[in-house]
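**Student:** Just dropping this structure here.
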Amino acid sequence: MGSSDLWSFGNVGLRMVPVQLLRRFELFSGLSEEELARLAALGREEVHEPGAVLFREGDPARDFFLVLAGEVALEMGVQLWPGAPKRQLEVEAVLSGGTFGWSALIPPRIRTLSARCRGETRLIALPGEELRRLLDSELKIGHKFWGRLAELIAFRLRETRAKLMELLRGEELASGFTPEEATLLRRVQYLIDFRWLAALGVVAMAILARMGLGLGFPFHIVLAIAAAVGAYNLGLLLYARRALARAGAGLIPRARRFILFQSGLDLLAFTALLHFSGGIENPFILYYIFHIIIAGVLLPYRLAYLITTLATLLVLALTGLEYSGAIPHHHLEGFLPFELYHRWPVVLGTLFALITALYVSTYIATSIAGELRKRQREVARLKDRCFLDMKELEEANRRLVELDRLRTHFLAIASHDLKAPLAAVQSYLGVLLGGFVGPLGERQREMLSRSSLRIKELLNLINDLLDATRIEAGQIVQEMELIELRPVVEAALENIRSQAEEKGLSLKLDLPEGLPPVRAAARRLEQVLTNLLNNAVKFTPTGGEVRLELEDRGDHLRVAVRDTGVGIPPEELPRIFEEFYRGKGAEGKGAGLGLAIAKKIVEAHGGRIWAESPDPATGRGSRFTFTLPKAGAHLQEGK
């Protein structure tokens, strides 16, 4: 290699770009040699070492890249919550034949991702501004390029969104907590928030009872208890932010001990509040039940019943001490008669009702909460399993897509490179068989004729392979225009007429007058009809009939090819449109691509194709039917 096409740039080897390298990329499929040469003149070939960073997120975007060999990881920085460290999320791994760096073509030309080489990587770099100018000046190149680039960008955006959704599988996972941990922590926060409301509620009720209802009780002591509740709630809030912010194996037990401590404090504060506001006379004594329900929801069975027992002991102690006179009883003056408190049947009945309500509430709350926690763990396990299965399926799908792309790419290159020499050989054989280089013996002529026939079959196979790859690349859409069907139908019939006459078959055409035009590729529709008619002729015995029918069905046209041949076995019908599939009774040396190509062409026109055997109308042979949308109807542009 001369010095004119290889030079050094730091630790990166740079080469001029041969035109044939651009043919490897689907992005440039369908471009002429001259168009490819203009693109190649802009580019340079680069070789990068493993681990090399090509650019970082936020860098100015100057070049658009094509991967010749190796693998490039595209990454983006993600900050999952304010203050969290940025982490790198791999959006896509670009393999050989792939492209990246489209930010160089679109203002403001800033990199939205980082690119890093996973191994030794060969790239073609196309300067963004020069490529953009070329695309703007050459409309044909620009139309093809921008259309395929739009598909690439849309695919990458979908992939990025999917990976972000995987990463952020819930707020709790983004911060490192399991679903159960995150739920428990949220409820701890709810408990602290509710306590602020409870303290304000005590103040409001005390003011209403004293000033609105005129009840007598130690007003200032009740306000002091409410203030104490607010003070220790502030301490609990600060502790929770510090001690419960770290995910880990001991988080749930630590949070439960914290809830148990809070519940104990709340019960003590509530009991003191009751003591100074009437004791058992106070109807708010039933609020013990709320404390028990909260504990039953947040705590496991044993701790929930421990809190219930503590509440029972506190209310018994308060009532017993006040009843015996060990501590003073603060009567709610103006609410209930004073002597009611000294009636022991009333006291015992109230206590019995309260205590049984506490334990029943505990049982109900813990049963429901326990079942919910159990289901939550099961759901978390299923989510994890589904997540792993989804990752495996996505990886398998990615590999299948890549294999399919490589298959199509290989077939296109191999078919193109094989066709030229075979066509040359066929041409030379024609010269020999024509006697232009001298007379041939009978044996020589026979051998050359057989060779010519085999090469013709091989060229037909190559044409089928090229057709399949071109249709998959979406080139057929560019051939579509508004056409009349009559010339296409008549041309297809002429293609197989001689073959039908040799077998003594009757060819019938049912073509109504006044059929509307369709938006289609005439050459491709003729190819479909010729293939279907050829199959019908091939599998119909002498004296049979092949019929081609067209019918207007409102928003679409229906085309049917019917025959009175041998038919198709039921077990083969679901597979006859698969690539390379040949039925057991297939004749000749075809590759099994004809019907697959016909299906791709019909679907590219927005129609569908199917087969029936036997023909429902006659009870024998086969019927192949396909539809075509009328001009103006919704047209799919391939799948």
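**Student:** With labels modelled as points extended 7 Å from the Cα through the Cβ direction, what inter-label distance (nm, one decimal) is found for A491 paired with W196?
**Tutor:** 7.8 nm
**Student:** Given R₀ = 56 Å, what would the calculated FRET efficiency be for Q426 paired with L382, taking r from the Cβ atoms and rounding to 0.05?
**Tutor:** For R0 = 56 Å, the calculated efficiency reads 0.35.
**Student:** A follow-up question, please. Using mean Cβ contacts within 10 Å as the protection proxy, how do 623-629, 266-272 order, highest first?
**Tutor:** Those peptides, ordered most packed to least, come out 623-629, 266-272.
**Student:** Separate question: Multiply the residue gap between M447 and Q189 by 0.36 nm, knock off their C-alpha separation, and tell me the result in nm, one decimal place.
**Tutor:** Once the chain is fully extended between M447 and Q189, it gains 83.8 nm.
**Student:** Given R₀ = 60 Å, FRET efficiency for L306-V78 by Cβ-Cβ distance, to 0.05?
**Tutor:** That gives a FRET efficiency of 0.85.
**Student:** Using a 10 Å cut-off on Cβ atoms, rank the peptides 293-299, 441-447 from the highest mean neighbour count down.
**Tutor:** Per-residue mean Cβ counts within 10 Å order the peptides as 293-299, 441-447.
**Student:** Using a simple spin-label model with points 7 Å from Cα along the Cα→Cβ vector, what separation in nm is obtained for Y359 and A326?
**Tutor:** Between Y359 and A326, the label points sit 2.2 nm apart.
**Student:** Could I ask something else about it? For M205 paired with A150, estimate the spin-label separation in nm (one decimal), with each label point 7 Å from Cα along the Cα-to-Cβ line.
**Tutor:** Here the answer is 6.6 nm between the modelled labels.
**Student:** Would you mind checking K140/K600; K456/K599; K503/K600; K508/K538 for any pair whose Cα atoms are more than 22 angstrom apart?
**Tutor:** Those over the limit are K140/K600; K456/K599; K503/K600.
**Student:** Once the Cβ-Cβ distance between A243 and E371 is put in as r, and R0 is 41 Å, what FRET efficiency do you end up with, to the nearest 0.05?
**Tutor:** 0.90
**Student:** In terms of modelled amide H atoms, which long-range or inter-chain residues lie less than 5 Å from the amide H of G621?
**Tutor:** Hits under the 5 Å cutoff: G565, G567, D615.
**Student:** Here's a follow-up. How do 600-610, 548-558 rank on mean C-beta neighbours within 10 Å, highest first? Mind showing how you got there, number by number?
**Tutor:** Details: 600-610: 20.5, 548-558: 14.9.
In decreasing order of mean packing, 600-610, 548-558 become 600-610, 548-558.
Only the coordinates and a few stated rules stand behind these numbers; no lab work does. On a predicted model such as this, the values are computed, not experimentally measured, just so you know. When we count neighbours, we look across all protein chains shown, and the Cβ atoms used for this are built from the backbone with ideal geometry, even at glycine.
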